[in-house]
Amino acid sequence: MNNKKRHILTIGKLSLLILAQALPSIASSEDGVNKSEITIGGVMDLEGRSSRLGLGMKAGIEAAIKDQTVAGKKINFVTLNDSYNPTKTKESTNKLVQEKVFLFAGNVGTPTAKVALPILEDNKIPAIGFFTGAGLLRNGSDNIINYRASYVQETKAVIDAALKQGVRPEGICAYVQNDAYGMAGIKGIRKALDNASNSGNSIKALDKILKMEGNRPKRNGMGPVGVYARNTFTARAGYDSLKLWERKQGASCRLVVTVGAYDSVSRFIAYAKSKNEPWVYSAVSFTGAETLASTLKKFGVSDKVIMTQVVPLGDSNLPIVKEARNALGKEYGHVSQEGYIVGKLLLHGLRQINSPQGTSDASSDTKKNNADKPITRENLIAAFKGNKFDLGGLEMDFSDDNQGSDLVVLTKLLKNKWVPLKDSNWNALLNMQVAQSN
């Protein structure tokens, strides 16, 4: 064999060796991941009537990932507006899928999630920390990781407290958005009343309402529930539905659980107040704490409103709360704090992919294998599933489901701010009702 042929064969062998070494990295490449960055996406209301929620989540996530790297890669967060409109959600979701983002994080809303999740599922794209407590994200899907407590947990927490203070089941009423979001709240009410005595009439009516199908069925006049259409502000029909329930039961609503958007909920409360109703109202976290308080202030409402929170209160000494306050500055609030937590949760998962796991006596081969894992969607989900960990003082537990936190904090409106609701406060709220209804 002459030198020329030997040289050609040597080059060929080297080429094959280089190709063989490159194949693992080629095979492990993932959409949205390259040598310098990881691109994630989010679809939320940035321009519509619920834009304060979308902007808050966006600000929180961006603050958490700012200047952070994972395996030497920066995190690039691309967001698109949907104005809390499912049709726009579908369009924006498909666009980001086509742009090959690694995952979706911080999407806002239940009806919007309802159309986005099937698209993500078809493309095996993870959904991380969506701003909704609906059950459709808690059905055991392999590609969904939730931070927050569910709406069922939120509504059950406030109703359990009310029942404990002597409110009767027929006095538990609701004003909700007439869609999957609102019905998630009704399911929570139904569950809370399940073991309450003399709750048969309420449960029967709630079951009938929950079984109704179609796009915005006529749920008013069916029981202790008033409904409104998403992105509308007319409160009268829902109010009249509750008054009809009172007449049929011969008893007044004592607590009206609201599950809706901040503008619609605040207008309903203001309308009922104008009718001199002695009701106490509650709202779930999605309503937006700061925005609801400021909107209620415009209508002259400053008391008798309870709100469930799924993040620690702002004066907490937890490290993650202090970090969020410092990072967000004037943009800090309950919603942006949740976004910050979601951002930190995402960073934790990504970093765990390459983190040596196991006990200190784990074999060096095991640790090396963990350290060599590529950043893939499958490996990210595996970093959460079955694990417990501390996130800046917040306990995350994914050992038996896809929801990290069960935290629900009851707060009440006091001088346009949310403060902890104590058991002793209930008497004052309910006695205020009696005094005003005489």
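Please treat every number below as a calculation from the coordinates, not as lab data. In this text the structure is predicted, and so the values were computed from the model without any measurement. Ideal geometry is used to build each Cβ from the backbone, glycine not excepted, and the neighbour counts take in all protein chains shown.
Applying the criterion of at least 1 residues that are over 21 Å from Leu80 (Cα atoms) to the helices (runs of 4 or more DSSP H) found wholly in the range 106-218 leaves 151-164, 180-193, 200-211. Contact map, the range 173-198: residues that are over 17 Å from Arg138 (Cα atoms) paired with residues that are of a type in the set (A, V, I, L, M, F, W, C) and assigned to a helix (DSSP H, G or I), Cβ distance under 6 Å, separation 6+ or inter-chain. Pairs shown: Cys173/Leu242; Ala174/Ile189; Tyr175/Phe268; Arg190/Leu206; Ala192/Ile159; Leu193/Ile203; Ala196/Leu163. Looking only at residues of the range 165-188 that are β-branched (Val, Ile, Thr) and touching a Lys or Arg at 6+ places or on another chain (Cβ under 8 Å), we find that the one that is surrounded by the fewest Cβ atoms within 10 Å (Cβ to Cβ) is Val167. Scanning the range 388-421 for residues that are more than 18 Å from Leu318 (Cα to Cα), of a type in the set (D, E, K, R) and out of contact with any helix residue (DSSP H, G or I) (no Cβ under 7 Å at 6 or more places or on another chain), we see that the one that is surrounded by the fewest Cβ atoms within 10 Å (Cβ to Cβ) is Asp400. Among residues that are closer than 20 Å to Thr155 by Cα and surrounded by fewer than 16 Cβ atoms within 10 Å (Cβ to Cβ), Asn427 is included.
If you go through the range 102-116 and keep only what is crowded, with 23+ Cβ neighbours inside 10 Å and not hydroxyl-bearing (Ser, Thr, Tyr), you end up with Phe102, Leu103, Phe104, Ala105, Gly106, Asn107, Val108, Gly109, Ala113, Ala116.
Matching residues to (1) within 30 Å of Ile203 (Cβ to Cβ); (2) outside any loop (DSSP other than H, G, I, E, B); (3) over 24 Å from the mean Cα position of the chain (by Cα):
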residue	(1), (2), (3)
Glu246	yes, yes, yes
Val265	yes, yes, no
Asn276	yes, no, yes
Lys297	no, yes, yes
Asp303	no, no, yes
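Count of the range 255-301 residues, restricted to those that are within 19 Å of Gly188 (Cβ to Cβ) and out of contact with any helix residue (DSSP H, G or I) (no Cβ under 8 Å at 6 or more places or on another chain), is 1.
Filtered by the rule that a residue be surrounded by fewer than 23 Cβ atoms within 10 Å (Cβ to Cβ), farther than 23 Å from Asn231 by Cβ and not small (Gly, Ala, Ser), the range 280-303 gives a lone residue, Asp303.
Do the conditions hold for Phe102, that is, is it within 24 Å of Ile353 (Cα to Cα), of a type in the set (A, V, I, L, M, F, W, C), free of Cβ contacts under 8 Å to residues at least 40 places away in the same chain and touching a strand residue (DSSP E or B) at 6+ places or on another chain (Cβ under 7 Å)? When the stated conditions are applied, Phe102 does not pass them. When Ala162 is tested against (1) surrounded by fewer than 22 Cβ atoms within 10 Å (Cβ to Cβ); (2) within 11 Å of Val257 (Cβ to Cβ), exactly one condition is not met: (1). For the range 47-54, the criterion of being assigned to a helix (DSSP H, G or I) and touching a strand residue (DSSP E or B) at 6+ places or on another chain (Cβ under 7 Å) is met by at least one residue. Filter the range 305-343 for residues that are part of a helix (DSSP H, G or I), over 15 Å from the mean Cα position of the chain (by Cα) and polar (S, T, N, Q) and give the result. The one that is part of a helix (DSSP H, G or I), over 15 Å from the mean Cα position of the chain (by Cα) and polar (S, T, N, Q): Asn326.
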